[in-house]
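Below is one structure, written out as structure tokens, with a few remarks after it.
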Amino acid sequence: MKTLAVGSIVESVCGKCNDVMGHTIMAMVGSEIVKVECRVCKSQHRYRPPARVGGGKTTVTMKKGRDGDPVASRQTAMAQATRPVAPKAARKPSSAMVAAMASLEAWQKAMRAHEGETPRSYAMAESFAAGEYIGHPTFGLGVVTGLVPPDKMDILFEAGVKRLLCNKE
């Protein structure tokens, strides 16, 4: 096992990156890591060890207290837990998720209605009519849902409604 010292690299949970990242040790008290700096976002914070994958209890390390007597260091939440944890309740889909699902269903319905047709290629210089089936090089197949005078239109694509230019010369 490698020895840890100030300047060494360790894995720690970064609150800013919201992930386990490599961190540089900035401060230690005895053999305990106290402060680290994220190598990605450069934020400094207290050392938070990454969660164990196995889910087993962690061992308790001993260190000397102020009076010199051995004292147990902090235990992880998993080692302290003695009662079973109730399963989380299923979340309701967010309003954004509901809107995205409705948009996808509308697009699928429109694609079934235009099945077998050849889509018209999108070009900014051309004019389009509502309900027209078009193909876009980036967004894919879509249907014009509405016109926004003088030079825009709303098109329903698989990714959602996009407002694109038309009638530009």
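The values are calculated or read from the model by the stated rules, or taken from the named source; none is laboratory data. Source: prediction; values computed, not measured. Don't worry about glycine lacking a Cβ; one is built from the backbone with ideal geometry, like all the others, and counts go over all protein chains shown.
Sort through Ala96, Ala110, Ala100 and tell me the only one that's at pLDDT below 90, surrounded by 14 or more Cβ atoms within 10 Å (Cβ to Cβ) and within 30 Å of Asp154 (Cβ to Cβ).
Result: Ala100 is the single residue among Ala96, Ala110, Ala100 that is at pLDDT below 90, surrounded by 14 or more Cβ atoms within 10 Å (Cβ to Cβ) and within 30 Å of Asp154 (Cβ to Cβ).
Just checking, which of Gly142, Gly146, Gly135 is surrounded by 16 or more Cβ atoms within 10 Å (Cβ to Cβ) and part of a strand (DSSP E or B)?
Unique residue meeting the criteria: Gly142.
Here are Thr24, Thr118, Thr82: which of them is of a type outside the set (A, V, I, L, M, F, W, C), at pLDDT 85 or above and exposed (fewer than 10 other Cβ atoms within 10 Å of the Cβ)?
Thr118
Do we find a residue being modelled with pLDDT of 90 or more and assigned to a strand (DSSP E or B) anywhere in the range 45-55?
Yes, there is a match, as at least one residue in the range 45-55 is modelled with pLDDT of 90 or more and assigned to a strand (DSSP E or B).
Condition first: over 10 Å from Tyr47 (Cα atoms), part of a strand (DSSP E or B) and not acidic (Asp, Glu). Now tell me which residues in the range 7-23 satisfy that.
Ile9, Val20, Met21, Gly22
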